[in-house]
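Q: Structure provided below as structure tokens; questions to follow.
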Amino acid sequence: MNATIYSERRRRLAALMQRGVAIIPTSPERARNRDSHYPYRFDSYFYYLTGFTEPDAVLVLIAGAQPSSIVFCRDKDIEREIWDGFRYGPEGAQQTFGFDVCHSLAKLDETMPDLLADQPTLFFAIGADPAWDTRIVGWLNKVRQRARSGVAAPNQLSDVRVLLDDMRLIKSAGEIAVMRRAAQITAGAHQRAMRMAKPGLAEYEIEAELLHEFRRHGAQGPAYTSIVAAGANACVLHYVQNDAWLKDGDLVLIDAGCELDGYAADITRTFPANGKFSTVQKDVYQLVLAAQAAAIAAIKPGSNWVAPHDAAVRVLTQGMIDFKLIDGSVDAAIESEAYKKFYMHRTGHWLGLDVHDAGDYKRDGEWRELKPGMAMTVEPGCYIRPDDKVPEPFWNIGIRIEDDVLVTDQGREVLTADAPKAIDEIETLMRERAERVPKNANRTHRGSGAGV
């Protein structure tokens, strides 16, 4: 861990603040049930500025002539370490992470009014957590109680995320290296899923293969709940039950990515459960693939955020007209948004520490200009549900193809290119799949109540 990276980010943020105090807490631990907690995941903003991954910590950054970083964290506690593992404690955190000052978290409430006194601006993630909003109001009120002594509370409140989002939007060389590795691990997991999939398996069995590949290559886990959607389930955008069976003739849509050292990958691939696309499946798949190619080609410095989406929509709309799913001209169908019956989401999102990463998409009413170091997904799709106006061979075809793309000085880099997406690549990979668990009609379906 290079503490200099994080101290430099704190220095940059302090320079943007000019004068004032920023308060950035990390995420708390969350109880799952009774004595069990969800796996802990730190707050992305806090981690971006500190590299510190323990819960119950707060960064206070003071900007001005002499910027200072102060962290409040858990005390060193050997007894608790026996149960829960290592803790840095204030002294260890200061030495390891390069903070100017470190205090026990127990001193936060008594110390903060003094740190806020006579500061012009408070920078905080307003509205992100009502409990923190209330706590900060309490500190400000304590400062105001000292007004007769000539002490002033901050008279301006600014959302610190506005500054941090712009910082996070442009990835450093170190961040890009981690994202490349996360993309590589995730691409391997999608290859493994394609090799293992076949009719008669359950969606959750394929999900297990993804998780296996993530962990065995060092990723901490999935960056989000994996989608493994077979048949009609592929037409549900956020399907996460993953408990249906793969049937002969089904398409399988997998939207899954690992998280590595805080950074997310996000890949979607769609393939036939039996290893061979039908004619209609192939036609729709080629349409979505062409839309994605057009979108990726639109990514380059000086272009804007909406250009990939517009390129994908134009290709998809023409295809829908050719398939007789919608009527009229391309321009008219785009203007009326008729295409949204089969393609209802945007073509991508920023990617980084969060799957839907920090950063505005518009500035002053204009779409954001693309610059080197920005990372995004490109994920057009087509989802065709049973409908009287839709030819039956198209029913229950749900296809999405998603890659992670980095804007570079020369244009773009597809970080997830190792995940097969051409039809011949997919079918070849599935023909060469390794020996798998044979189909067993007597297996118990998850959630059936067996063993309860």
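Q: Filtering the stretch 344-374 down to residues that are touching a strand residue (DSSP E or B) at 6+ places or on another chain (Cβ under 8 Å) and either part of a strand (DSSP E or B) or modelled with pLDDT under 95 (or both), which residue is surrounded by the fewest Cβ atoms within 10 Å (Cβ to Cβ)?
A: Taking the candidates together, the pick is GLU366.
Q: Being of a type outside the set (S, T, N, Q), farther than 27 Å from PRO154 by Cα and out of contact with any His (no Cβ under 6 Å at 6 or more places or on another chain), is that true of even one residue in the stretch 6-21?
A: no
Q: Okay, moving on. Taking the condition of being under 29 Å from the mean Cα position of the chain (by Cα) and either of a type in the set (S, T, N, Q) or farther than 27 Å from GLY20 by Cα (or both), how many residues in the stretch 57-98 meet it?
A: Residues meeting the conditions: 7.
Q: I would also like to ask the following. For THR270, only one of the following conditions fails: (1) within 30 Å of LEU201 (Cα to Cα); (2) in a loop (DSSP other than H, G, I, E, B). What is its number?
A: Unmet condition: (2).
Q: On to the next question. Restricting attention to the stretch 223-240, does a residue exist that is farther than 28 Å from GLY319 by Cβ, in contact (Cβ under 8 Å) with a residue 60 or more places away in the chain and either touching a strand residue (DSSP E or B) at 6+ places or on another chain (Cβ under 7 Å) or in the same structural domain as ARG181 (by TED's automatic domain parsing) (or both)?
A: yes
Q: While we're here: Just one of THR377, THR444, THR416 is modelled with pLDDT under 95 and of a type in the set (S, T, N, Q); which is it?
A: The conditions single out THR444.
Q: Find the residue count for the stretch 105-127, including only residues that are over 12 Å from ALA152 (Cα atoms), of a type in the set (D, E, K, R) and touching a residue at least 24 places away in the same chain (Cβ under 8 Å).
A: Within the stretch 105-127, residues that are over 12 Å from ALA152 (Cα atoms), of a type in the set (D, E, K, R) and touching a residue at least 24 places away in the same chain (Cβ under 8 Å) number 2.
Q: Conditions: (1) touching a residue at least 24 places away in the same chain (Cβ under 8 Å); (2) in the same structural domain as TYR383 (by TED's automatic domain parsing); (3) of a type outside the set (Val, Ile, Thr). ALA177 meets all but one. Number of the miss?
A: So the condition that ALA177 fails would be (1).
Q: When only residues in the stretch 163-187 that are farther than 21 Å from PRO372 by Cβ and in contact with a Phe, Trp or Tyr (Cβ under 9 Å, 6 or more places away or on another chain) count, which is surrounded by the fewest Cβ atoms within 10 Å (Cβ to Cβ)?
A: ILE185
Q: How about the stretch 328-357: which of its residues are among the acidic types (Asp, Glu) and touching a Phe, Trp or Tyr at 6+ places or on another chain (Cβ under 7 Å)?
A: ASP357
Q: Now for a separate question. Among the residues of the stretch 43-87, what is the count of those that are among the basic types (Lys, Arg) and in contact with a strand residue (DSSP E or B) (Cβ under 9 Å, 6 or more places away or on another chain)?
A: Residues that pass the stated criteria total 2.
Q: Further, regarding this structure: Only residues that are surrounded by 11 or more Cβ atoms within 10 Å (Cβ to Cβ) and among the acidic types (Asp, Glu): list them for the stretch 1-39, please.
A: GLU8, GLU29
Q: List the number of the failed condition for ASP331; all other conditions in (1) loosely packed, with under 12 Cβ neighbours inside 10 Å; (2) of a type in the set (Asp, Glu); (3) over 29 Å from ALA234 (Cα atoms) hold.
A: The number of the failed condition is (3).
Q: What strands (runs of 3 or more DSSP E), lying completely within the stretch 24-78, carry at least 1 residues that are in contact (Cβ under 8 Å) with a residue 12 or more places away in the chain?
A: Fully inside the stretch 24-78 and qualifying: 58-63, 68-73.
Q: Could you check the stretch 204-217 and list, in sequence order, the residues that are outside any loop (DSSP other than H, G, I, E, B) and either under 13 Å from GLU259 (Cα atoms) or not hydrophobic (A, V, I, L, M, F, W, C) (or both)?
A: Selection gives TYR204, GLU205, GLU207, GLU209, LEU210, LEU211, HIS212, GLU213, PHE214, ARG215, ARG216.
Q: Just to check your reading of the model, which residue among THR186, THR96 is in the same structural domain as THR50 (by TED's automatic domain parsing), β-branched (Val, Ile, Thr) and on the phi < 0 side of the Ramachandran plot?
A: Criteria check complete, one pass: THR96.
Q: When you scan the stretch 309-317, do you find a residue that is on the phi < 0 side of the Ramachandran plot, touching a residue at least 40 places away in the same chain (Cβ under 8 Å) and within 22 Å of the chain's Cα centre (by Cα), even just one?
A: For the stretch 309-317, residues on the phi < 0 side of the Ramachandran plot, touching a residue at least 40 places away in the same chain (Cβ under 8 Å) and within 22 Å of the chain's Cα centre (by Cα): present.
For every residue, the table says whether it meets (1) among the small types (Gly, Ala, Ser); (2) in the same structural domain as TRP132 (by TED's automatic domain parsing); (3) within 24 Å of the chain's Cα centre (by Cα).
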{"residue": "GLN18", "(1), (2), (3)": "no, yes, no"}
{"residue": "ALA22", "(1), (2), (3)": "yes, yes, no"}
{"residue": "PRO25", "(1), (2), (3)": "no, yes, yes"}
{"residue": "GLU29", "(1), (2), (3)": "no, yes, yes"}
{"residue": "PRO39", "(1), (2), (3)": "no, yes, yes"}
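So that you can scan it fast, the table gives a plain yes or no per residue for (1) outside the structural domain of ASP283 (by TED's automatic domain parsing); (2) touching a residue at least 60 places away in the same chain (Cβ under 8 Å); (3) not polar (S, T, N, Q):
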position: ILE321; (1), (2), (3): no, no, yes
position: SER329; (1), (2), (3): no, no, no
position: ALA358; (1), (2), (3): no, yes, yes
position: ARG385; (1), (2), (3): no, yes, yes
position: ILE397; (1), (2), (3): no, yes, yes
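Conditions tested, residue by residue: (1) over 23 Å from the mean Cα position of the chain (by Cα); (2) assigned to a loop (DSSP other than H, G, I, E, B).
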{"residue": "GLY249", "(1), (2)": "yes, yes"}
{"residue": "ASP255", "(1), (2)": "no, no"}
{"residue": "LYS276", "(1), (2)": "yes, yes"}
{"residue": "VAL280", "(1), (2)": "yes, no"}
{"residue": "VAL284", "(1), (2)": "yes, no"}
{"residue": "VAL288", "(1), (2)": "no, no"}
{"residue": "ALA291", "(1), (2)": "no, no"}
{"residue": "ALA295", "(1), (2)": "no, no"}
{"residue": "ILE299", "(1), (2)": "no, yes"}
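The values are calculated or read from the model by the stated rules, or taken from the named source; none is laboratory data. Predicted, not measured: the structure shown is a model, and the values here were computed from it. For neighbour counting, all protein chains shown are included, and Cβ atoms are generated from backbone atoms with ideal geometry for every residue, glycine included.
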